[in-house]
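Below is one structure; the comments refer to it alone.
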Amino acid sequence: MNAADEIEWNRPGLHLRFAYGDDGPVELVALATGPGAPSIAVPFPIVELTTGGRRRERNTQIYRHTVAGVRLRHVDHEADAQEVRIRQRDESTGVEVLSRFRAAGPGLQISHTVRNTSAEDVVLTAVTSVLLALKGTAYDLLWGRSEWLGEGRWRRHPLADVLPDLNLDLHRQDGRGRFKVTSHGSWSSGDVLPTGVLAGSEGPSVAWQVETSAGWHWELSRLREGVVLGALGPTDAEHQFAERLAPGTAFTSVPAGLAVADGGRDAAFAALADYRRAIRVRRPVDDRLPVVYNDYMNTLMGDPSTEKLLPLVESAAAAGAEYFCVDAGWFAGPRGWWHSAGEWREAPGRFTGGLVSVADAIRRAGMRPGLWLEPEGVGVASPVAERLPDEAFFQRFGQRVVEGNHYQLDLRHPAARAHLDETVDRLVDEFGLGYFKLDYNVDIGAGTEVGVAGAGAGLLGHTRALRDWLLGVQERHPALLIESCSSGGMRMDYGLLSVAHLQSTSDQQDFLLYPPVAAAAPASVLPEQAGNWAYPAASMSLEETAFAMTAGVMGRMYLSGFLHELGDERSALVSEAVALHRDRRADIAVSHPVWPLGLPGWDDEVIALMLDAGPGSLMAVWSRGAAAEVVLPGLEGRRLEQVYPAALPEWKVRGGSGAPVIEVPAGPSARIFTVSAE
């Protein structure tokens, strides 16, 4: 870029430098953890976008060198302590882009507002959120697959395995191919994860996340001198997205987070954790991180009654739970709870003395009551399906979308939002609720075509309205705790998690399969938001009981099971785990995840997760196979002391000057240790 001017911006842990001139778009030319730290960036434009039939200037499959993007030119900029704002315009089309780089902890939240300043409509079909060119290719890529019951299965590849060396210098061109990770439908993490890391062996490393419950896409592509990261919300090619901008109107891209760390994998995830804490909308009600008991998992499974609940209430309180959530089925009649969902009124005859008597019993036991709700779903047999207009539901090709015998509300419509506002306000008032588990059990597909140029834009508009609705609920009811659930972790993104208090990490009922889910969860969600189920059973041995409880300690304790059937020894193990969690939850809330044995593989026999909080650090080790001696690299000079369970044998730990070695017995067995300096 000739005769370039520069914009420099410094924040604690962040250094950015942009360059601009009259011969090209604004470029990010430096990105580092401080003014004196090495930059990770190669000069590259800060945004790309496609409009209508105008796609790319060069033949490529990548969201780079777009017709509108390469013609953008600097108009003005401003900066303050919180963000940099840069305005560019393409004079030939009248498209104007205002880019925002907002500081959030050690990271950046980036978004772009596209405005049509012309006299004609402009159809927007894609806009990048993050666009960053990185020096070199000596990185390992970490990315994750996910599915129902098998959330957060991370993979690690040398970058060269996914982006081969094509000798681009010989061809005097950058690459045209890409490694891409793309969501499908309305489960934002139902197939793949909206998060990735490029980890340098010694650093620096970069981590990112796309923050939307609608469609998203991220990709990596080769430059001759490095690699380009592009992260986007919904696009035309991937998600049937199109947004028609009338003259004077604007569209803002989904936000994406970006964090740079001077170390490797764990340093990148630590920076991402602090970034996530910075973007959360915090509520005082969640400051204590209370323990929740839920009656669903491996317990009532959607069939509650007064007779079944009262023993659970008593035993949950005795174990140390502070909230008690009655899960699905409280509204269900003889046909079951799925087809008729949407009215959200107590089922006649299900509760002796009414559901209010159960809520009163929960309060008498010293806990706060909660209920399960699937706010966006309306069963095909529900009276609500007839009461609300067609426009209040998702539609494709002129018909309501039906998925799993459910319609989906469209919260852009005032009648849909009014219905949910009335529901929540009524239930809170009627039962004195302090908790809602908000579930989402269907993948509704590409979206809705009502009022938009593309179905993906309808899905995005709905998910933004859902987030806004959640904020409104909390404004009216500041004492409410809100859990985000989606058949477990099928919609685990920070579009929602920035405004929800906790996330159910899985529906996995096999306690032997839960450790890889729980241990990997802090890569996707903050430890203090990771609702890990702990569901002991009378059929379990003492070792199996401790194994099942360990996941709950290492995140956000989400207790379940027929606790009143356990007997004294198993009950003591449950109460001990709850007490340990309650004692350490303040440390968990400031911790950073560390994986001494690497991110867990689904079939790994030994799994380890450390929540590093300095003197308050905890580490869990699960054994699911044969006895082994396990070396814990990266913990040299640290001392391990077993703190759970007290009643079962201690695992032998050898320290010394090297990495600690644990003699792990055959599984299933698990232990929790404190980790401190020698």
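Numbers at a glance
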read-out: Enumeration of residues in the range 293-327 that are free of Cβ contacts under 8 Å to residues at least 40 places away in the same chain, outside any helix (DSSP H, G or I) and not hydrophobic (A, V, I, L, M, F, W, C); value: GLY302, ASP303
read-out: VAL450 vs. criteria buried (at least 19 other Cβ atoms within 10 Å of the Cβ), in the same structural domain as PRO375 (by TED's automatic domain parsing), of a type outside the set (Gly, Ala, Ser) and over 18 Å from GLY370 (Cα atoms); value: yes
read-out: Filter pass, GLY353 being free of Cβ contacts under 8 Å to residues at least 40 places away in the same chain, assigned by TED's automatic domain parsing to the domain that holds GLY461 and either exposed (fewer than 15 other Cβ atoms within 10 Å of the Cβ) or closer than 19 Å to GLY185 by Cβ (or both); value: no
read-out: Number of positions in the range 518-546 that are assigned to a helix (DSSP H, G or I) and farther than 14 Å from GLU569 by Cα; value: 9
read-out: Among the candidates LEU635, LEU618, residue that is under 31 Å from the mean Cα position of the chain (by Cα), outside the structural domain of GLU147 (by TED's automatic domain parsing) and either within 19 Å of ARG265 (Cβ to Cβ) or among the basic types (Lys, Arg) (or both); value: LEU635
read-out: Which numbered condition ALA479 fails, given (1) closer than 20 Å to ARG153 by Cα; (2) touching a strand residue (DSSP E or B) at 6+ places or on another chain (Cβ under 9 Å); value: (1)
read-out: Qualifying positions in the range 284-312 - charged (D, E, K, R), closer than 30 Å to PRO255 by Cα and buried (at least 16 other Cβ atoms within 10 Å of the Cβ); value: ASP286
read-out: Sole exception among (1) hydroxyl-bearing (Ser, Thr, Tyr); (2) surrounded by fewer than 22 Cβ atoms within 10 Å (Cβ to Cβ); (3) closer than 30 Å to ASP493 by Cβ for TYR275, by number; value: (2)
read-out: Sole residue being more than 29 Å from the chain's Cα centre (by Cα), over 19 Å from VAL260 (Cβ atoms) and among the aromatic types (Phe, Trp, Tyr), chosen from TYR20, TYR63; value: TYR20
read-out: Entirely in the range 178-289, the strands (runs of 3 or more DSSP E) that have 1 or more residues that are among the β-branched types (Val, Ile, Thr); value: 179-182, 195-200, 205-210, 226-232, 250-252, 256-261
read-out: Members of the range 553-569 found to be touching a residue at least 12 places away in the same chain (Cβ under 8 Å) and surrounded by fewer than 24 Cβ atoms within 10 Å (Cβ to Cβ), listed by number; value: PHE562, HIS564, GLU565, LEU566, GLY567, GLU569
read-out: Residue list for the range 244-254, restricted to those being surrounded by fewer than 24 Cβ atoms within 10 Å (Cβ to Cβ) and either touching a Ser or Thr at 6+ places or on another chain (Cβ under 8 Å) or in the same structural domain as GLY445 (by TED's automatic domain parsing) (or both); value: PRO247, GLY248, ALA250, PHE251, THR252
read-out: Criterion (surrounded by fewer than 24 Cβ atoms within 10 Å (Cβ to Cβ), of a type in the set (S, T, N, Q) and under 19 Å from ILE588 (Cα atoms)) met by exactly one of SER498, SER504, SER524; value: SER498
read-out: Tally of residues being in a strand (DSSP E or B) and crowded, with 17+ Cβ neighbours inside 10 Å across the range 136-149; value: 6
read-out: Residue ID - nearest to ARG222 (Cα to Cα), chosen from residues in the range 136-158 that are within 19 Å of the chain's Cα centre (by Cα) and of a type in the set (Lys, Arg); value: ARG155
read-out: Of the criteria (1) closer than 30 Å to ALA647 by Cα; (2) surrounded by fewer than 24 Cβ atoms within 10 Å (Cβ to Cβ), which one GLY531 fails; value: (2)
read-out: Output for the range 418-445, where each listed residue is touching a Pro at 6+ places or on another chain (Cβ under 7 Å) and within 28 Å of GLY215 (Cα to Cα); value: LEU420, LEU438
read-out: Inter-residue pairs, beta-carbon under 6 Å, first small (Gly, Ala, Ser) and in the range 575-594, second in a helix (DSSP H, G or I) and crowded, with 20+ Cβ neighbours inside 10 Å, 6+ apart; value: SER575/ALA319; ALA577/MET549; ALA577/VAL553; ALA589/GLU528; SER591/PRO527
read-out: Residues within the range 374-400 that are within 26 Å of the chain's Cα centre (by Cα) and either of a type outside the set (Asp, Glu) or not assigned by TED's automatic domain parsing to the domain that holds CYS485 (or both), tallied; value: 5
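For (1) surrounded by fewer than 17 Cβ atoms within 10 Å (Cβ to Cβ); (2) of a type in the set (A, V, I, L, M, F, W, C); (3) touching a residue at least 12 places away in the same chain (Cβ under 8 Å), each residue gets a yes or a no:
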position	(1), (2), (3)
PRO596	no, no, yes
MET610	no, yes, yes
ALA613	no, yes, yes
MET619	no, yes, yes
TRP622	no, yes, yes
GLU636	yes, no, yes
GLY658	yes, no, yes
ILE662	no, yes, yes
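Results for (1) farther than 19 Å from ILE46 by Cβ; (2) aliphatic (A, V, I, L, M); (3) assigned by TED's automatic domain parsing to the domain that holds ALA457, shown as yes or no for each residue.
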| residue | (1), (2), (3) |
| --- | --- |
| VAL123 | yes, yes, no |
| SER129 | no, no, no |
| LYS135 | no, no, no |
| ASP140 | yes, no, no |
| ARG145 | yes, no, no |
| GLY152 | yes, no, no |
| PRO158 | yes, no, no |
| PRO164 | yes, no, no |
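The values are calculated or read from the model by the stated rules, or taken from the named source; none is laboratory data. On a predicted model such as this, the values are computed, not experimentally measured, just so you know. So basically every Cβ, Gly included, is an ideal-geometry build from the backbone, and we count neighbours across all protein chains shown.
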